[in-house]
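Let me begin by presenting the structure, written as structure tokens, before commenting on it.
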Amino acid sequence: MLEQFIRLSQKKRESLLAAFQSLATNAPGVGEFVYRDANGRMIYRWDWKRWRIWFWDDGPVNEVRIVDVELMQ
């Protein structure tokens, strides 16, 4: 995922970082439940502007774990 991020244009990288920052601030209240992974974690999908982000909220350690990111056309 890091290689894909590096290959983005500066404008897209900045937009994605803004999405991550917004998600980190608002994770418990955003996202649509999508499925449970093999470990039983609830995976959410959140559409932010042109980005679709799959994540899970690791509440006990106050972290958001990104599973996948897609640029929507």
inquiry  = Give all pairs with beta carbons closer than 9 Å in which a residue from the range 11-36 that is closer than 13 Å to PHE55 by Cα and modelled with pLDDT under 90 meets a residue that is acidic (Asp, Glu) and surrounded by 15 or more Cβ atoms within 10 Å (Cβ to Cβ); count only pairs at least 6 apart in sequence or on separate chains.
reply    = ALA27/ASP57; PRO28/ASP57; GLY31/ASP57
query = In the range 59-66, is there at least one residue being surrounded by 17 or more Cβ atoms within 10 Å (Cβ to Cβ) and modelled with pLDDT of 90 or more?
reply = yes
task = Hey, can you tell me all the residues within the range 33-45 that are in contact with an Asp or Glu (Cβ under 7 Å, 6 or more places away or on another chain) and of a type in the set (A, V, I, L, M, F, W, C)?
result = ILE43
inquiry  = Here is a check on your reading of the model: is MET1 in contact (Cβ under 8 Å) with a residue 24 or more places away in the chain and of a type in the set (A, V, I, L, M)?
reply    = yes
task = Tell me which residues, restricted to the range 6-33, are under 13 Å from the mean Cα position of the chain (by Cα) and over 16 Å from ASP58 (Cβ atoms).
result = SER15, LEU16, LEU17, ALA18, ALA19, GLN21, SER22, GLU32
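The values are calculated or read from the model by the stated rules, or taken from the named source; none is laboratory data. All of these numbers come straight from a predicted model, not from anything done at the bench. Using ideal geometry, Cβ is built from the backbone for each residue, glycine included, and neighbour counts are taken over all protein chains shown.
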